[in-house]
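Input: a single structure, listed below in structure tokens.
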Amino acid sequence: ENGNEKKVRGDIDSIVKTIKNHGQPIDIESLHGMLTFESPSQIRGLASLSKKLANLKDVWGLAKWPTVNPKNIRDKIYVILAGNGKPMHFSDISKAIKESDFKRRNVTTQAIHNELIKDKRFVLIGRGIYALDSWGYSKGTVSDIIADILRKAGEPLHRDEIVRRVLKSRQVKETTILLNLQSKSMFKRVAKATYTIAEPQQ
């Protein structure tokens, strides 16, 4: 009995070590390919005995990794947004958390909204719509984003091109972008429907 227990402990350790070395969550099939166990279900059975491991939708990782074992609201929001792969309205994030497999799913929409505002990983890109900072969405006002686009371009751009580039990083109405372009203190029209950054007044 003791020898068997020792083998199980050794097997679990090898699973933990493999996941640790992999450095990010991994599904059972891929894990099976890296180890010499009979079947993925055997790995699943052993992994579920370990306090060091956790899983979310059968993707396994170390229990301390928030992506498989989100402990606080912020981590849960992050997992939902990352899993969705595109921006979401805060009320949809709230609904997704309530319908998830997380422990302690009963979180108020207000609490979720507060965390979205506080955490730098989340960017407000439209009315109540949030994205992950790592997706490259820009922070700041629409005017800031236009100015940034024109600075990076290093030359005047046509209105349609400015709109196209702003929409890549913000979910706003085209009219909002065009209204912001009318700001004479920030932007200067140099040709028909073509703009550049206004020189600061001396």
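The values are calculated or read from the model by the stated rules, or taken from the named source; none is laboratory data. What you see is a predicted model, and the numbers here were worked out from it, not measured in a lab. So basically every Cβ, Gly included, is an ideal-geometry build from the backbone, and we count neighbours across all protein chains shown.
Some observations on this one:
- Across the stretch 48-68, the qualifying residues are those that are of a type in the set (S, T, N, Q) and under 11 Å from residue 15 (Cβ atoms), and the one among them that is surrounded by the fewest Cβ atoms within 10 Å (Cβ to Cβ) is 48.
- Residue satisfying all of: in the stretch 87-104; in contact (Cβ under 8 Å) with a residue 24 or more places away in the chain and assigned to a loop (DSSP other than H, G, I, E, B); nearest to the chain's Cα centre (by Cα) among these: 87
- As a summary of the residue check, residue 44 satisfies the conditions (1) part of a helix (DSSP H, G or I); (2) in contact with a Pro (Cβ under 9 Å, 6 or more places away or on another chain) except for the one numbered (2).
- Single residue of 191, 111, 131 found to be surrounded by 14 or more Cβ atoms within 10 Å (Cβ to Cβ) and at pLDDT below 95: 131
- Scanning the stretch 164-195 for residues that are assigned to a helix (DSSP H, G or I), free of Cβ contacts under 8 Å to residues at least 40 places away in the same chain and closer than 20 Å to residue 124 by Cβ gives 165, 166, 167, 168, 174, 175, 176, 177, 179, 180.
- Residue 161 vs. criteria farther than 30 Å from residue 66 by Cα and surrounded by 14 or more Cβ atoms within 10 Å (Cβ to Cβ): yes
- Cross-chain or 6+ apart pairs with Cβ under 9 Å, the stretch 50-76 first and modelled with pLDDT of 90 or more, then part of a helix (DSSP H, G or I) and among the polar types (S, T, N, Q): 73/114
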